[in-house]
Protein chains: 2
Amino acid sequence: MTTRRSELTRQAARLFAAKGYHGTSIGDLAEAMGVQKGSLYAHISSKQDLLYETMAEGARAFHAGLDAIPDEAPATEKIRLALRSHLQVVADQLDVATVFVQEWRYLEGERREEIVGERRRYEERIRALFREGRDLGELRTDLDDATAALLVLSAVNWAYTWLQRGRDTVELADRFYSLLVDGMRGYATPRTS
Amino acid sequence: MTTRRSELTRQAARLFAAKGYHGTSIGDLAEAMGVQKGSLYAHISSKQDLLYETMAEGARAFHAGLDAIPDEAPATEKIRLALRSHLQVVADQLDVATVFVQEWRYLEGERREEIVGERRRYEERIRALFREGRDLGELRTDLDDATAALLVLSAVNWAYTWLQRGRDTVELADRFYSLLVDGMRGYATPRTS
DNA sequence: ACTGCACACCCTAACGATCGTTAGGGTCGA
DNA sequence: TCGACCCTAACGATCGTTAGGGTGTGCAGT
């Protein structure tokens, strides 16, 4: 059942992504719902609610992607899957991902701290993959895991600006993986599919 | 001579970076200038002016960085210098770079098209470096220059979120370069300083 | 040296519009 | 009869912008 409430959060994500949190008025949201603006307050208690829920959904989706990566896989394989997962989340929920990445600073109060914490936790999980890859000898021993994670996270955090639904996201993720792990100079080790 | 006008654009960049364009009011700007809000209109004719000027300054700075790269250098060296240059601009003009990267969509009218065009031109210049590197045999022959440029531009476009003045930006740029060109798996070819 | 005047700069006060939010009441199906 | 849903009407606040008037400083002409 698609409730009216969830439809509202969907529209909120869409408009916040397109015009920004401060650039989207309650009136805009009401118009998108085909309703008078006062009527929205039967569903929410403030505009901030909608921002928070979009952010929380983003955090959930990104973490869930990492959760699906098998523990026993080699670190480099985990990194490849993490890249796929992240880009897939962005492609599948472009609005949510866009808001998650660039509107978090408009969250207020402790909800903001909560989301910032989720972000940091996610980054730490990525960084751990590189640490693991280096310590297990899959990646070069002089690898700085902080710099490596920074590079990868930067790359994918920007993805919302150019990713489009329908493109082959998985293949793009693997291309990124190949460039990052094997480099642009040397030849890639051939991979299966 | 530091005019009152240029002080205003500086403050605008600072506030737009910190709170966003729509999150910054004319009143905020006036307060930062120690002045009544109506007084600002002796210097500008609209709030959009300030946004546009910040964006134009950003475009100018990024392009100027690339202009300083010698034509006769090897393509890989140009890429390294481009990375340095970009991160240096971000570090030196953090506010301007931040606004340039994330507030451009609030520009209206043809000024928006102008800035978007400058952005695209910049991206094309980066992409040309990878094309050159591949065609001249410095980079792997199967390199997709579009993907490579996307990866690098994504990485540096995110830089404003974590770069801090005072950090050794040049060294960080070179580390990124090493990871990207030599990869995370293989060993880097030793380089001079 | 004195005057006059342009100019940069700032003020107060208000404008119409729009903002997020609230109050109170109405309609409909389960 | 309850709950989900929507309405109209208004609230106080804040928004970007304008109008009109007031300083002071420095430079021109005499």
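Charging the Cβ of each Asp and Glu at -1 and of each Lys and Arg at +1, and nothing else, the dipole of the protein assembly as shown about its Cα centre rounds to 560 debye.
Surface burial for A against B, with a 1.4 Å probe and both sides summed, reaches about 4100 Å² of accessible area. Label separation (A:Lys19 vs B:Val35): 3.1 nm, computed from points 7 Å beyond Cα along the C-beta direction. Taking all Cα pairs closer than 8 Å and separated by 6 or more residues, the relative contact order of chain B comes to 23 percent.
Dividing the summed helix terms, -39500 (n - 2.57) for each DSSP H run of n ≥ 4, by the number of residues in the protein assembly as shown produces a 222 nm estimate of -21500 deg cm²/dmol to the nearest 500.
Assuming charge only on the beta carbon of Lys and Arg (+1) and of Asp and Glu (-1), the dipole of segment B:49-91 about its Cα centre is about 240 debye to the nearest 20. Which pairs in the list A:Lys19/B:Lys19; B:Lys19/B:Lys47; A:Lys78/B:Lys78 are over 23 Å apart, alpha-carbon to alpha-carbon? Beyond 23 Å: A:Lys78/B:Lys78. Only protein heavy atoms count here; under a 1.4 Å probe, B:Thr54 has an accessible surface of about 10 Å². Counting Cβ atoms of other protein chains within 10 Å of each Cβ in B:157-163 and taking the mean gives 4. Calculated FRET efficiency, A:Arg5 to B:Trp162, Cβ-Cβ distance, R0 = 45 Å: about 0.80 to the nearest 0.05.
Using C-alpha pairs under 8 Å with a sequence gap of at least 6, the mean separation divided by the residue count of segment B:38-120 gives a relative contact order of 38 percent. With contacts taken as Cα pairs under 8 Å at a separation of at least 6 residues, segment A:92-193 carries a relative contact order of 22 percent. At a Förster radius of 22 Å, what calculated FRET efficiency corresponds to the Cβ-Cβ distance of A:Glu171 and A:Ala64, to the nearest 0.05? Efficiency, from the Cβ-Cβ distance: 0.50.
Placing a label point 7 Å from the Cα of A:Ile26 along the Cα-to-Cβ direction, none of the residues of segment B:1-45 has a backbone N under 18 Å of that point. Cα axis of helix B:109-135 to longest principal axis of chain B: angle in degrees, 0 to 90, nearest 10? The helix B:109-135 is inclined about 10 degrees to chain B. The listed residues B:Asp67, B:Asp95, once ranked by accessible area (1.4 Å probe) with the largest placed first, stand as B:Asp67, B:Asp95. Let me know the shape class of chain B, please: from the alpha-carbon gyration tensor, a ≥ b ≥ c as square roots of the eigenvalues, rounded when a/c is under 1.5, otherwise prolate if a/b is greater than b/c, or oblate. Note, shape of chain B comes out prolate. Once the 1.4 Å probe is applied to the protein heavy atoms, segment A:49-139 comes out at 44 Å² accessible per residue.
Shape of the protein assembly as shown from its Cα gyration tensor (a ≥ b ≥ c, root eigenvalues): rounded if a/c is under 1.5, otherwise prolate when a/b > b/c, or oblate? Oblate, since a/c reaches 1.5 and b/c is not below a/b.
Shielding of peptide B:133-141 by partners, expressed as the average count of other chain Cβ atoms within 10 Å per residue Cβ, is 2. For segment A:50-122, chymotrypsin sites (Phe, Trp or Tyr not before Pro) are listed when DSSP marks them as loop and at most 13 other Cβ atoms sit within 10 Å of their Cβ; the list is empty.
Around the Cα centre of segment A:76-193, unit charges on the Cβ atoms of Lys, Arg, Asp and Glu (plus for the first two, minus for the last two) sum to a dipole of about 240 debye. Ligands, DNA and RNA left out, the accessible area of chain B computed with a 1.4 Å probe is 50% carbon and sulfur. Springs join every pair of Cα atoms under 10 Å in this Gaussian network model of chain B, and among B:Ile44, B:Ile79, B:Ile126 the largest mean-square fluctuation is at B:Ile44. Between the beta carbons of A:Arg111 and B:Glu108, assuming R0 = 35 Å, the FRET efficiency works out to 0.65 to the nearest 0.05.
Legend: mean number of C-beta atoms from other chains within 10 angstrom of residue C-beta atoms, peptide B:27-33, equals 0.
The values are calculated or read from the model by the stated rules, or taken from the named source; none is laboratory data. Predicted, not measured: the structure shown is a model, and the values here were computed from it. For neighbour counting, all protein chains shown are included, and Cβ atoms are generated from backbone atoms with ideal geometry for every residue, glycine included. For accessibility, only protein heavy atoms count, side chains too; no ligands or nucleic acids. Shrake-Rupley method; radii C 1.70, N 1.55, O 1.52, S 1.80 Å.
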